[in-house]
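To start, the structure itself, in structure tokens.
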Amino acid sequence: MSEAPPSRSEVAEKLAEASAAGSPLSPRGGGTHSRVGHPGGRPAEFLSTARLDGLIDYTPQDLTITVEGGMPVDRLSDIAADQGQFWPQVGAGNGASVGGVLASAASGLSRLRFGPIRDSLLQVVVATGDGRLVTAGGRTVKGVSGYDLPRLMTGSFGSLGVIVEATLKLWPRPPARQWYVRPGADALAGGRALLRELYRPGAVIVTPEATHLELVGQPEDVVAPQGFLPADPPDRPTGDALVRAAVSPARLPELIQALGALELSFAAQLGVGTCAVGVESAHQIQKVREHALALAGHAVVEDAPAELRRDPWGPPPPGLRIMRRLKAAFDPAGVLNPGLMPGGI
Amino acid sequence: MPIAPATASAARFRELLDPERVIEHPLERKLYARDGSITEGKCGLVVLPETRDEVCRCVQMASELRLAVVPRGSGTGLAGGAVPLDDAVVISLARMNRILDIEPEVPCASVEPGVLNLDISMAVSHLGLHYAPDPSSQAACSIGGNVATNSGGPHCLAYGVTAQHVLGLEMVTADGEVLELGGPAPDPPGFDLRGLAVGGEGTLGLVTKVCVRLTRNPPEVRTMLLDFDSVTAGAATVGGIIAAGVVPAAMEMMDQKMNVAVEAFVGAGLPVDAATVLLVEVDGTPAQIAAEAALVDAVGRKHGAREVRVAADEAERQLLWKARKSAFGAVARVAPNYYLHDCVVPRTHLVGVLEEIGNIAERHDLVIMNVFHAGDGNLHPLIAFDRRDVKQVERVHAAGKEIIEACMAVGGVLSGEHGIGLEKRDFMSLQFGEVDLRAQADARCAFDPEGLLNPLKVLPAGSRCGEVALSRDSLPPGTWL
Ligand SMILES: Cc1cc2nc3c(=O)[nH]c(=O)nc-3n(C[C@H](O)[C@H](O)[C@H](O)COP(=O)(O)OP(=O)(O)OC[C@H]3O[C@@H](n4cnc5c(N)ncnc54)[C@H](O)[C@@H]3O)c2cc1C
């Protein structure tokens, strides 16, 4: 039986019950990131945060906002926009919840300038697998009090706890912000030149067909460079499934060349090192991963049907022993998305 | 677990390192019994490994002998994190001080933990790059110590603290295993152990290599000094600038007592009659600078700034920053000792908390000076005192506790950038409940189940697995409460 408890304490109670009964649960926010990880790690029963969608505190002058984990990202954006502010991670997708994008560490497209999503989480409240409500971090824009559990929770895919509350760092909305595109297959060389010439662009994204550029700043600085036209942000690569490859930004050009040779659809974030790749088959996933690994990177199946997720993570990351202990500490009965993470955690 | 005094084990460590890199002479050990805080501990032995493998072997030896290990960088920490207690063995990483690799294309640099913060920026300046986090101690503190305390600095307002600039870490865990966490390739699969390890204060592992993100130098910089007749006006200006949508590169505040001390020390032409000054720096493209500087000027004047001095050239800019960064040194002219606090409050509460700190100083008849990262609400009330005056030291502790309580009362946090260490561990329960502290203890135990690394730091007594059976008496007198 799946549930959407109306309060955090009821979320915690449900988890405590599930732990006592040993019945696995899958936390769910907007449900936009549910095709990730080992397929066995998604129990049919889910625990939804849909009703935990309140605004808890917002002091615009502090540039911080505290919301419940189930708050839709779109609503958060609207609330912030009313005060001339924004959360740079909103590229995350329609219907996604704040807790969900945090749990899946889904950074926005403008990461080159605004940083990854993990840098914007200041305080978190999680309901652990055994139903404790744990607060970590602090609501101020800066703080080093105690261990950085907010970073641990970011990208833990609901396997350590359910994010029921988050305090986020917001940014003042820049005076001007615009995406541009320049069609043409010579994107790589041009993109690298942009990265050198422009001071802190929002994004430089290369696809097989075009170069996409986002500029952010004063109106005088947000002007289309030669050959670029105003446009929407790039679309997600085409393909039934999505792999996120990541290598050092210095080696991204090599990855792009390899993907070009494979004739795959991709969107590579220059200066960041990540590259979303559209794929159709296990064979293609393997190819992408081989190239990423050869360049000292990794490739994770980010969104794919179960049959393409036999090996979603690739080789086991270092520190598995520590990760297992963390799992055991936060979810002792192993009821939260069991086996979803690398190493079957 | 029982922890033996390390001094008796010198011979065992000499099996691993050259004799002169195992220090047991009492006078030398005493040098390692302190850090930049006012705490003094007891150091059993000091070892100076020069390679990662030597670090591993030293940790394994300590583990075999059941010795508590205290990692140490430059010893400038202000929370007692590097202070050994009960004759623990100090593993100094200071000799691992090579810059291993610079990759301008990322841009990033791989460095050993003993490399000094400022040396990284110096080594890459010819590439138009720098390492952004700039603690005032940057000429002395090590990058390993920065990672362990998640250090901040004036320019972290716009650029973010250490955690945002650490791409990867190599770390030796308590059982002597080497972990490579992260690197220039973003978002490795699995839990973010690298993120958790930053700020671990030497309790999660010994950092033996760091891959730091480098930052491009801004095309232009403008530094401004605004002075005010009241602290309230200065603090209101800080809030006004942020509320108007500008997050400057840095925004620092110094009150009058601090100005007077600094001016006597540096001679930067600070207005010593002002109640407070704000040092604001904006950087970026010419258009950005023009817009943001105009806004800073306007907001400042609206709140009664008497003058807005713009640094005319790089020399003047350096002089203003020198004034800010020598503040702690300047205090030596006021009193022989100082106790520096590090709470953060929401920016909207700056005015009220600063007033309260003034009241606390008055109530306890103490000199409290303020120099701090105003832009992010990170206060550094500095209590000047003379440690030979026992009565005064008592008042220093009482006032310090009240300052912390005042900050917590408005939703602040215990530490912005210095860490918890020994100094604030028993205050942790002001910010966190029992359940929260248990979860933190669990995270720590996942790295160090036996409680070998820097025991007694960060978490209050009684909250950890494998906790060392040490009596409270082992805390040196004068250790924080
Ligand atoms: C005058 C002055 C000004 C300062 N200004 C600032 C400031 O603006 N911002 C700021 O953030 N701090 C500031 N500090 C505090 C201090 O400089 C920082 O905390 C710094 O990061 C400590 O580095 P260190 O190398 O001296 O570390 P240490 O003092 O040696 O150690 C600090 C902690 O890190 C651990 N540690 C050290 N090296 C390692 C390693 N390799 N692996 C694992 N653990 C390790 C230690 O066990 C300890 O817990 C200032 C200090 C002084 C004296």
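The values are calculated or read from the model by the stated rules, or taken from the named source; none is laboratory data. Quantities reported herein were computed from a predicted structural model and do not represent experimental measurements. Every residue, glycine as well, gets a Cβ built from its backbone with ideal geometry; the counts of neighbours run over all protein chains shown. Protein only, heavy atoms only, side chains kept; ligands, DNA and RNA dropped before computing areas. Shrake-Rupley method; radii C 1.70, N 1.55, O 1.52, S 1.80 Å.
Residues that are within 26 Å of B:Gly205 (Cα to Cα) and in the same structural domain as A:Ser281 (by TED's automatic domain parsing) within region A:301-318 are absent altogether.
For region B:346-368, check the following and say yes or no: at least one residue is within 14 Å of chain A (Cβ to nearest Cβ), touching a strand residue (DSSP E or B) at 6+ places or on another chain (Cβ under 6 Å) and modelled with pLDDT under 95. Spell out how you get there, then give the answer.
Of all residues in region B:346-368, those within 14 Å of chain A (Cβ to nearest Cβ) come to B:346-353.
Then drop every residue that is not touching a strand residue (DSSP E or B) at 6+ places or on another chain (Cβ under 6 Å), which leaves B:348.
This time we only want the ones that are modelled with pLDDT under 95, so: B:348.
Within region B:346-368 (the criterion being within 14 Å of chain A (Cβ to nearest Cβ), touching a strand residue (DSSP E or B) at 6+ places or on another chain (Cβ under 6 Å) and modelled with pLDDT under 95), the answer is yes, since at least one residue qualifies.
The residue that is farthest from A:Glu165 (Cα to Cα), counting only those in region A:63-79 that are among the hydrophobic types (A, V, I, L, M, F, W, C) and open to solvent by less than 10 Å² (accessible area, probe 1.4 Å), is A:Leu63.
For region A:322-336, what are the residues that are buried (at least 22 other Cβ atoms within 10 Å of the Cβ) and either in a helix (DSSP H, G or I) or at pLDDT below 95 (or both)? Write out each step before concluding.
First, pick out the residues of region A:322-336 that are buried (at least 22 other Cβ atoms within 10 Å of the Cβ): A:322-323, A:326-327, A:330-331, A:335-336.
Within region A:322-336, A:Ile322, A:Met323, A:Leu326, A:Lys327, A:Phe330 meet the criteria.
Evaluate the following for B:Ala185: is it buried (at least 21 other Cβ atoms within 10 Å of the Cβ) and away from the ligand (no atom under 14 Å from the Cβ)? It is true that B:Ala185 is buried (at least 21 other Cβ atoms within 10 Å of the Cβ) and away from the ligand (no atom under 14 Å from the Cβ). Going by the conditions given, is B:Met224 assigned to a strand (DSSP E or B) and within 16 Å of the ligand (Cβ to nearest atom)? In short, no. Annotation note: of B:Val46, B:Val59, the sole residue that is within 13 Å of the ligand (Cβ to nearest atom) and part of a helix (DSSP H, G or I) is B:Val59. Taking A:Ala203, is it more than 27 Å from A:Leu255 (Cβ to Cβ) and either open to solvent by 60 Å² or more (accessible area, probe 1.4 Å) or hydrophobic (A, V, I, L, M, F, W, C) (or both)? Considered against the rule, which asks whether it is more than 27 Å from A:Leu255 (Cβ to Cβ) and either open to solvent by 60 Å² or more (accessible area, probe 1.4 Å) or hydrophobic (A, V, I, L, M, F, W, C) (or both), A:Ala203 comes out as no.
So which residues in region B:122-160 are polar (S, T, N, Q), more than 12 Å from chain A (Cβ to nearest Cβ), more than 6 Å from the ligand (Cβ to nearest atom) and in a loop (DSSP other than H, G, I, E, B), if there are any at all?
B:Gln138
Do we have any residue at all in region B:358-377 that's within 28 Å of A:Ala136 (Cα to Cα), of a type in the set (D, E, K, R), open to solvent by less than 40 Å² (accessible area, probe 1.4 Å) and touching a helix residue (DSSP H, G or I) at 6+ places or on another chain (Cβ under 7 Å)? Taking every residue of region B:358-377 in turn, at least one turns out to be within 28 Å of A:Ala136 (Cα to Cα), of a type in the set (D, E, K, R), open to solvent by less than 40 Å² (accessible area, probe 1.4 Å) and touching a helix residue (DSSP H, G or I) at 6+ places or on another chain (Cβ under 7 Å).
Can you name every one of the helices (runs of 4 or more DSSP H) wholly within region B:249-344 that holds 1 or more residues which are more than 29 Å from B:Ile403 (Cβ to Cβ) and within 16 Å of the ligand (Cβ to nearest atom)?
Working: elements: B:256-266, B:286-302, B:314-325, B:327-330.
Because the criterion is at least 1 residues that are more than 29 Å from B:Ile403 (Cβ to Cβ) and within 16 Å of the ligand (Cβ to nearest atom), no helices (runs of 4 or more DSSP H) in region B:249-344 meet it.
Considering only region B:246-265, state which residues are open to solvent by 30 Å² or more (accessible area, probe 1.4 Å) and either within 10 Å of another protein chain (Cβ to nearest Cβ) or among the aliphatic types (A, V, I, L, M) (or both). Show your work before the answer.
Looking only at region B:246-265, we keep the residues that are open to solvent by 30 Å² or more (accessible area, probe 1.4 Å), and these are B:247, B:256-257, B:260, B:263-265.
The answer is B:Val247, B:Val260, B:Ala264.
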